[in-house]
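To keep things clear, I will list the structure first and then write my remarks on it.
Nothing in this text is a laboratory measurement; each read-out follows from the coordinates by a stated rule. Quick caveat: nothing in here was measured; it's all calculated off a predicted structure. Glycine gets a Cβ as well: all are built from the backbone with ideal geometry, and neighbour counts include every protein chain shown.
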Amino acid sequence: MSAPTTPAPLNPDGSRRTFMKQAGGFLGLALAPPFISQAERLTALSKKVEGVSTISLKVNGAVRAIRAEPRVTLLDALREYLDLTGSKKGCDHGQCGACTVLVDGKRVNSCLTLAVMTQGKEITTIEGLAKGEELHPMQAAFLKHDGFQCGYCTPGQIMSAVACVQEGHAGSADEVREWMSGNLCRCSAYPNITAAILEAKTQMG
Ligand code: FES
Ligand code: FES
């Protein structure tokens, strides 16, 4: 039977100085004072993690660059790196639709999409739907028909609804229900959501 191997020590020379140098970087981040923003904290952390690279995203017409690992999802890139918190994280598993955004006009669950895969594409989030003070017809219809209660699912519902109409899948209430079935609403505002989509369809041409 071979002798058990001893794991390599964290600080090979055993000195307190070496240990403090190794631990200091991460401790410094963990104990950073609260006035350091989340974005600054992530940027500082990214400098210490291998595999971090610059990811360029075109979001709502503007090109934005972030420094992140390739495993970062589009949802986290939007929310944590770009402060676009309209897209919501409901399940983080592709089951609720709260994170829906448009990529080149197609709806995607941004929690299941790697940010790095969307480079060079047009990303549209709920923040990019209105034209200045003028709401998108879908937003206006949701307001008119009370298509929400708590509102947590609403950004995802609206982005999905815009694509649903553009895909030609809003011909009837039944069709809307079918093609919006990936967007869950815990408040069960479904009848109002369906009514809003059918009305917005007439405005969207
Ligand atoms: S958060 Fe993406 S599908 Fe639920
Ligand atoms: S309005 Fe509350 S989850 Fe849909």
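About its Cα centre, what dipole magnitude does the stretch 129-205 give when the only charges are +1 on Lys and Arg Cβ and -1 on Asp and Glu Cβ, stated in debye to the nearest 20?
140 debye
Measuring from the lowest to the highest alpha carbon on each principal axis, how far does the stretch 160-205 reach, largest first, in angstroms?
Answer, in whole Å and largest first: 30, 16, 16 Å.
On alpha-carbon atoms, Rg over Rh for the stretch 37-128 using Kirkwood Rh?
That ratio is 0.94, to two decimals.
Taking 0.36 nm per residue of separation and subtracting the Cα-Cα distance, what length does fully extending Cys150 through Lys58 add?
30.1 nm
Report, in whole Å, the centroid distance computed from the Cα atoms of the stretch 115-135 and the stretch 149-205.
Cα centres, the stretch 115-135 to the stretch 149-205: 18 Å.
With the cut-off at 1.5 for a/c, could you classify the stretch 129-205 from its C-alpha gyration tensor as rounded, prolate or oblate?
Oblate shape, in that a/c is at least 1.5 and b/c is the bigger or equal ratio.
Full-extension gain between Val103 and Ser188, please, as 0.36 nm times their residue separation minus the C-alpha to C-alpha distance.
Gain in length upon complete extension: 27.9 nm.
For the pairs Lys58/Lys131; Lys144/Lys201; Lys121/Lys201; Lys106/Lys144; Lys89/Lys131, note any where the Cα-Cα span goes beyond 21 Å.
Exceeds cut-off: Lys121/Lys201; Lys106/Lys144; Lys89/Lys131.
Given R₀ = 35 Å, FRET efficiency for Leu143-Asp83 by Cβ-Cβ distance, to 0.05?
0.90
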